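These notes are about the structure you will find just below.
The values are calculated or read from the model by the stated rules, or taken from the named source; none is laboratory data. Nothing here was measured: the structure is a model prediction, and the numbers come from that model. With ideal geometry, Cβ positions are generated from the backbone for all residues, glycine too; neighbour counts draw on all protein chains shown. These accessible areas exclude ligands, DNA and RNA; they are computed on the full protein's heavy atoms, side chains included. Shrake-Rupley method; radii C 1.70, N 1.55, O 1.52, S 1.80 Å.
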Amino acid sequence: MLMDILIVLAVALEAYLLGSIDTGILVSRLVYHDDVRKHGSGAAGMTNMLRTFGKRAAAMTAAGDVLKGILAVCIGRWLFTFLSGELFSQYLGVYLAAILAVVGHLKPIYFGFKGGKGVLVAGGAILAVQPILFPCLFVIFLACLIPTGMVSLGSIVMAVCYPFLTLGYGLLTGLPAGDLAVTTIGSAIMAAMVFYMHRSNLQRIREGKEYRFGRKGKDGRDKT
């Protein structure tokens, strides 16, 4: 019993600490000798990196954020293999890791608790937790991004759809009730965090002021 609880705590800790390794901040500081949080939206995510430092910086940030989401879940799944009994669902390990990795990205302990918005970390975690759902979510993202040019809109809609797709897939595959509850609640928590962190984007969308790829500002700079 005690060992199981310690394993759960270890999963939460490793995921949070991994999530706190903010790729955008590290790339901006080590490569560009600046802090991306001082520019644009103030977030340390791929979009603000692209807007501030360009495509190379955005690519490095995206790769690092996705990778840490994948790693957090894989380590969490591995640690849960050491559980002594069936006190906890195996799905608890992967979703606990996924959620805490996103929390770490949003509030990184190494960088004053000010990070990014967690979309790519969540994407990496989803790829590790439920790879079968990832293509569908990616299509949803593109369906919003391509006509509007708004990454934020694609992220928000994708997050909203995720719990419903998770629930539908669980029902379709006959997942036991306990595991179905864990996966549905876990995916809903992840979606809620991403949605909450995009509340300022929602406001700008309503006001018609949200950044779009390819739109030029008055100074001629790309505002994406």
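Scan the range 108-161 for chymotrypsin sites (Phe, Trp or Tyr not before Pro) in coil per DSSP, keeping those whose Cβ has at most 13 other Cβ atoms within 10 Å, and list them by number.
Those that pass, being in a loop and sparsely packed, are 113.
Against the 2.2 N^0.38 Å scaling, with N counting residues, where does the chain land? I'd like the Cα-based Rg ratio to two decimal places.
1.04
Report in % the part of the accessible area of the chain that belongs to carbon and sulfur, leaving out ligands and nucleic acids; probe 1.4 Å.
Answer for the chain: carbon and sulfur cover 71 percent of the accessible area.
Only Cα pairs within less than 10 Å get springs; with that Gaussian network setup on the chain, which residue of 69, 149, 186 has the largest fluctuation?
149
Can you send over the solvent-accessible area of residue 3, 1.4 Å probe, protein chains only, in Å² to the nearest 10?
Result for residue 3: roughly 110 Å² accessible.
Using only Cα atoms, locate the centre of the range 89-163 and the centre of the range 16-44, then give the distance between them in Å, rounded to an integer.
Spelled out, the Cα-based centre of one part sits 18 Å from the other.
Looking at the range 1-57, which chymotrypsin sites (Phe, Trp or Tyr not before Pro) are DSSP coil and have at most 16 other C-beta atoms within 10 Å of their C-beta?
Answer by residue number: 32.
Could you work out which residue, out of 24, 54, 76, moves most in a Gaussian network model of the chain, that is, has the largest mean-square fluctuation with Cα springs under 10 Å?
It is 54.
Only Cα pairs within less than 10 Å get springs; with that Gaussian network setup on the chain, which residue of 105, 198, 39 has the largest fluctuation?
Maximum among the listed residues: 39.
What helices does the chain hold that run 20 Å or longer along their axis, going by alpha-carbon atoms, with a Kyte-Doolittle average of 1.0 or more, using DSSP H for the helix calls?
2-19, 90-106, 134-148, 151-172, 177-197
Once label points are set 7 Å from the Cα along Cα→Cβ at both residue 113 and residue 139, what is their separation, rounded to one decimal in nm?
Distance between label points: 4.2 nm.
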